[in-house]
Amino acid sequence: QVHLAESGGGLVQAGGSLSPSCTASACISSHYAMGWFRQAPGKEREFVAAINSSDDGTSYGDSVEGGFTIYRDDAKNMVYLQMNSLKSGGRAVYYCAGTLQLGVWRRDREYTNWGRGTQVTVSS
C-alpha cells in the first residue's frame, strides 16, 4: 500500500510561516484524496485541510488559522501544507493522510493511510 512520510516541521515564531510536505511511496494521482490533521499533546486530533484526487476541491478546518493552503503535486507524489500567520499555542504534530476515495474528506475515520507526523512548535 501507499506509505506517507511528512517532513518540514520545526520551530517557528508566532506570525511566521511553515510549509510541511508529505511524500508518498507510490502514485497518488489516480483516486487518492489527501488531508492534513494535527494533534496537540493531550488533545484529540483535529482536521486541518483536505484536497481531492482531481485537484479541484479543498476544505479547511473551522479552527484553522488564516493563511493555510493545501496543494498537491502528483508528478512528485507530494502534498504540501502552506501555513502562514501561525498563532502561538505550543506544539502539535501534523499528520498527512490519504484515502483511495473520490471527494474531499474532513473526518479522520475516512483515511486509511497515515504518516508518522512532523512536529510543529509555535513560540510566543
- By the gyration tensor of its Cα atoms, with a ≥ b ≥ c the square roots of the eigenvalues, what is the shape of the stretch 1-89: rounded for a/c under 1.5, prolate for a/b over b/c, or oblate? prolate
- Message: Give me the Å³ per residue figure for the convex hull around the C-alpha atoms of the stretch 14-61.
- Response: 118
- Item | Computed Rg/Rh of the stretch 61-124, alpha carbon atoms with Kirkwood Rh | 0.97
- Length added when fully stretched, Gln82-Trp114, from 0.36 nm per residue minus Cα-Cα: 9.6 nm
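Every number here is computed from the coordinates shown, using simple stated rules; none is lab data. Quantities reported herein were computed from a predicted structural model and do not represent experimental measurements.
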